[in-house]
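To keep things clear, I will list the structure first and then write my remarks on it.
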Amino acid sequence: METLVEYEDVVEALSQAPDFGQVSGAFAVASISSDAERSPQVRYRPVQTEGMAVLLVLSGSMNIEVNMTEYLLEADSLLVVPPRTLIYVDSGKTQSADVCLLFMAPNFLHEININYAALSMPAPLEKPSPVRSLSPAQTALLRRYFDLLSEVTRNQANLRLDTNIASSLVSAMVYQVAQFHYKELAERSPQSETPGSRPSNYVNEFIRLLQLHYMNERSVTFYAEKLFISPKYLSLLVKKATGRSASRWIDDRVIMEARNLLRYSGKNIQQVAYMLNFSNQSSFGKYFKHLTGMSPTEYQKS
């Protein structure tokens, strides 16, 4: 059975790493090697942690299970593990790997100020993976953020200032990963290509438009008009290609963002409702409860 591991327990285990630093009660950063002589002596087992982990794999490879699904982390890859995610590292399948790890306490997560209106993460046709492949240049760039966070732990002077500096660095890292994503989208969709020239292009363009407008638009008609096709035809194409209707795609994306905002943004329910373009808190609450089975307040307390 999985075990809930408290933030302090994870930090204590990470402190055995040769390159470790922390701002007490906020975050810890470490460089870890799977080599037996250099690794922290952690007994791996299925666990859930109350903090959030970010792993940047520099070299080698390792196997890890996230919510009962196994993933291979190779060199130049990034893994984000949200709080209370079931995670298991199979040391028997892990090759020599060098990893940068950032672990953040729940309270610190609320300090991270991200403009969600400017940021929308990928919603691919297939089940999204928590592992992101990077280029060597992208890995090197993200490594610099980890190095700067390490500098914060080595030059502490004022807890409030230290926390603000670190939260700004993490925000910048989130924006950086989003920039990687949008650059890839631009490279995959050259301007010379006419969207909608084939049914699959309609679906891909719908997903792209959804990323841009989901915080303001929840109507299938809006997206159909952007594609110059009927809502009925768009719904038919999306359902056939993905197994989910266009309206379900929209609802799932909005609810994903609503959960993210309610849990991690530090904003109240009324502010979240406003950010997602609901007319009022009541209409947002009804929408959220209809799709999740619980009210926003119940979700925040869960």
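In the set (1) at pLDDT 85 or above; (2) out of contact with any Cys (no Cβ under 7 Å at 6 or more places or on another chain); (3) outside any strand (DSSP E or B), the condition left unmet by R143 is number (2).
Exactly one residue among Q300, Q191, Q211 is modelled with pLDDT under 90 and surrounded by 15 or more Cβ atoms within 10 Å (Cβ to Cβ), and that residue is Q211. Against the definition (closer than 19 Å to R84 by Cβ, in contact (Cβ under 8 Å) with a residue 40 or more places away in the chain and of a type in the set (A, V, I, L, M)), how does M256 come out, yes or no? For M256, the condition - closer than 19 Å to R84 by Cβ, in contact (Cβ under 8 Å) with a residue 40 or more places away in the chain and of a type in the set (A, V, I, L, M) - is met. Are any residues in the stretch 234-253 over 26 Å from A273 (Cβ atoms) and not in a helix (DSSP H, G or I), and if so, which ones? Within the stretch 234-253, G243 is the sole residue that qualifies. From the list N115, N155, the one residue that fits, being at pLDDT below 90 and either touching a helix residue (DSSP H, G or I) at 6+ places or on another chain (Cβ under 7 Å) or assigned by TED's automatic domain parsing to the domain that holds L73 (or both), is N115.
Of the residues screened, Y287 is one that is within 28 Å of E111 (Cα to Cα), part of a helix (DSSP H, G or I), modelled with pLDDT of 95 or more and not hydrophobic (A, V, I, L, M, F, W, C). Within the stretch 1-12, no residue that is β-branched (V, I, T) sits with its Cβ atom under 8 Å from a residue that is at pLDDT 85 or above and loosely packed, with under 14 Cβ neighbours inside 10 Å at 6+ positions apart or across chains.
The number of residues in the stretch 71-81 being assigned to a loop (DSSP other than H, G, I, E, B) and surrounded by fewer than 19 Cβ atoms within 10 Å (Cβ to Cβ) comes to 1.
When M68 is tested against (1) hydrophobic (A, V, I, L, M, F, W, C); (2) modelled with pLDDT of 90 or more; (3) exposed (fewer than 15 other Cβ atoms within 10 Å of the Cβ); (4) under 24 Å from L4 (Cβ atoms), just one condition goes unmet, and that condition is (2).
The residues in the stretch 197-233 that are closer than 24 Å to H181 by Cβ and assigned to a helix (DSSP H, G or I) can be counted, and the count is 18.
The values are calculated or read from the model by the stated rules, or taken from the named source; none is laboratory data. All figures in this text were calculated on a predicted structure; none of them were measured in a lab. We place every Cβ from the backbone using ideal geometry, glycine too, and count neighbours over all the protein chains shown.
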